[in-house]
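K.L.:
Before anything else, here's the structure in question.
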Amino acid sequence: MITINELLNKGFNELKEGDFSNPLLDVQLLLCFILNVDKVYIYTHRDELVNKENVDKFNELLNLRKEGYPLQYILKKQEFMGLDFFVDEGVLVPRPDTENLVERVIDLSKDLKGKINIIDIGTGSGAISLSLAKFIKESFVYSIDINKRAIEVARKNALNFDLENVKFLNGDLFNPLDDNLKGNIDIIVSNPPYIPTSDIKTLQREVSKYEPKEALDGGLDGLNFYKEITKEANKWLKKNGVLAYEIGYNQGREVINILKSEGFIKVRCFKDLSKNDRVVIGFKA
Ligand code: SAM
Ligand code: GLN
């Protein structure tokens with residue numbers, strides 16, 4: 001028989017050799033998941049024995065994690081903006097970086113009155129769409145993804161959070177939207193795929209091998225989606241409407257230029273906590 005403490009040590013020793021940002025936390029969360037307890041329980045029951053079935057399960061999941069399989073796909077969840085999102089294979093795990101974009105958009109929405117129509121291009125798990133739907137009063141979010149699985153996962157999250165002010169649409173960019181929304185949108189937001197194709201293989205294994213390519217690949221220079229969405233955004237936004245993007249750490253200058261060249265005004269770039277360019281915002285003239 002083996003104790004909680006011994007399992008933690010074993011797991012940590014195996015993971016610490018690999019490319020993991022936080023091996024101890026990973027092992028703790030795996031064990032919590034298997035034993036169905038919280039972290040405090042693990043600290044306060046270090047000498048408790050773990051039954052064989054759970055030890056086997058732990059070893060199985062530890063091996064999966066050792067190969068780089070994302071922890072969030074094992075646990076089936078990721079916290080974002082204080083909400084517990086269900087996540088699953090085939091859908092990008094929401095990143096803390098993306099909270100920068102959501103917070104900026106929530107801030108800007110405070111200057112708007114009445115019903116606020118929002119388009120989110122690239123739903124994923126619903127991280128952006130659903131936090132905007134929750135935290136912006138009187139918002140209605142049109143949330144579009146080309147990946148059917150993303151739409152299913154996001155729908156499930158909307159149900160869990162009891163949010164009805166979101167419409168999910170499966171399709172390419174603005175195509176699934178009704179034409180009568182043209183000129184009626186207050187905010188367009190997107191965290192599009194922005195990694196240059198040739199950089200994808202250099203990302204952490206858990207990203208490059210296990211997360212969906214169509215959520216990451218922004219074409220040769222990583223800027224394809226910014227060019228396409230910005231051009232199209234002009235047709236859907238109201239005057240003074242907001243276009244807000246998450247961008248890669250080195251794309252600030254280029255994305256600002258794309259917005260300016262399509263006539264957007266008051267274009268600005270904002271940094272994240274690591275002082276990297278992270279968000280670009282502009283307004284329709
Ligand atoms: N918004 C989510 C988030 O921040 O966690 C997901 C962002 S992920 C970087 C980009 C998303 O865009 C993926 O879910 C991908 O399926 C979707 N996507 C890729 N190409 C698309 C297209 N042509 N039209 C609509 N969505 C697309
Ligand atoms: N932030 C993601 C990463 O680091 C990339 C997401 C994107 O392409 N929008 O892998």
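The values are calculated or read from the model by the stated rules, or taken from the named source; none is laboratory data. Note that the structure is predicted; figures quoted are calculated from it, not measured. Heads up, the Cβs are rebuilt from the backbone with ideal geometry, glycines too, and the neighbour counts pull from every protein chain shown. Side chains included, ligands, DNA and RNA excluded: accessible areas come from the protein's heavy atoms. Shrake-Rupley method; radii C 1.70, N 1.55, O 1.52, S 1.80 Å.
K.L.:
Taking the square root of 5 times each eigenvalue of the Cα gyration tensor, what semi-axes in Å does the equivalent ellipsoid of the chain have, largest first?
P.N.:
Semi-axes (√(5λ), whole Å): 39, 20, 16.
K.L.:
Counting pairs of alpha carbon atoms under 8 Å apart in space and at least six apart in sequence, what relative contact order in percent does the range 95-233 give?
P.N.:
Reported relative contact order: 22 percent.
K.L.:
In addition: At a probe radius of 1.4 Å, what is the per-residue accessible area of GLU262, in Å² to the nearest 10?
P.N.:
The accessible area comes out at roughly 60 Å².
K.L.:
Additional query: Using only DSSP helix segments of four residues or longer, with each worth -39500 (n - 2.57), what per-residue ellipticity at 222 nm results for the chain after dividing by its residue count and rounding to 500?
P.N.:
Here the helix-only value at 222 nm equals -11500 deg cm²/dmol.
K.L.:
Could you pull out the trypsin sites (Lys or Arg not before Pro) across the range 89-149 that fall in loop regions by DSSP (anything but H, G, I, E, B) with no more than 12 other Cβ atoms inside 10 Å?
P.N.:
Those satisfying the criteria are LYS110, LYS113, LYS115, LYS137.
K.L.:
Go ahead and collect, in residue order, the members of the range 57-76 whose backbone nitrogen is under 11 Å from a label point 7 Å along the Cα-Cβ direction of GLU14.
P.N.:
So the set is 57-67.
K.L.:
Write down the Kirkwood hydrodynamic radius of the range 90-238, to one decimal in angstroms, obtained as one divided by the mean of 1/r over all alpha carbon pairs.
P.N.:
When all Cα pairs of the range 90-238 are included, the Kirkwood radius is 15.7 Å.
K.L.:
At 1.4 Å probe size, put ARG253, ARG268 in order of accessible surface, largest to smallest.
P.N.:
Final ranking, largest accessible area leading: ARG253, ARG268.
K.L.:
A further question follows. Report, in listed order, any pair from LYS137/LYS235; LYS137/LYS167; LYS77/LYS209; LYS235/LYS271; LYS182/LYS239; LYS134/LYS260 with a Cα-Cα distance greater than 22 Å.
P.N.:
Pairs exceeding 22 Å: LYS137/LYS235; LYS235/LYS271; LYS134/LYS260.
K.L.:
For ILE195, tell me the accessible area in Å² from a 1.4 Å probe, rounded to the nearest 10.
P.N.:
Its heavy atoms expose roughly 30 Å² to the probe.
K.L.:
Could you tell me what a quarter of the Cα convex hull surface of the range 121-182 works out to, in nm² with one decimal place?
P.N.:
So the Cα hull casts an average projection of 3.9 nm².
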